[in-house]
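Since the structure comes first, as structure tokens, the remarks are kept for the end.
The values are calculated or read from the model by the stated rules, or taken from the named source; none is laboratory data. All of these numbers come straight from a predicted model, not from anything done at the bench. Because the Cβ atoms are built from the backbone with ideal geometry, glycine has one as well, and the counts that use them run over all protein chains shown.
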Amino acid sequence: MRQALAGLAADALSGPDGLAARLRAALDGSLLTTVSLPLDVGTATQTIPAHLRRAVTTRHPHCAFPGCDQPASVCDIHHLTPRAHGGPASLANLVPLCGFHHSTAIHRWGWHLTLHPDGTTTATSPDHTRTLHSHGPPSHSPPGHDPPSCAA
């Protein structure tokens, strides 16, 4: 089973149609002419490398807190497993969060955010009485279907 899952993950990431190739593509669809950089730095770093921040904000063009539509360009990059607990600077451990959801909802009020393999997120209140789910993989919403704004 473990080998089958590893094979599926390698297929999803590798090749011309894999996630790594898509992340290396420029917004206009042409390939970047720079060296490929790792998306898993593997250590807890004080700052997020620019290439990793671009990958995080490409995956989530808005705040990753369910229902928030703040653009990722104004968000903080949040470690899901904190640096203080050894959380690595890796794509799987990072999401963009607007100032309200990062500073207040997560760090002050104690909400917990979970990132799922399909890019969706779940936010759980500290007492586990409320759970919020994002709906579908992160993308730009079609006209007329914008998610509600955050309470910033």
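Tabulated values for the structure
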{"quantity": "PHE65, sole failed condition from (1) modelled with pLDDT under 95; (2) within 11 Å of the chain's Cα centre (by Cα); (3) crowded, with 16+ Cβ neighbours inside 10 Å", "calculated": "(1)"}
{"quantity": "Top-ranked residue of segment 74-108 - restricted to ones that are in a loop (DSSP other than H, G, I, E, B) and in contact (Cβ under 8 Å) with a residue 12 or more places away in the chain, ranked as farthest from ALA55 (Cα to Cα)", "calculated": "GLY86"}
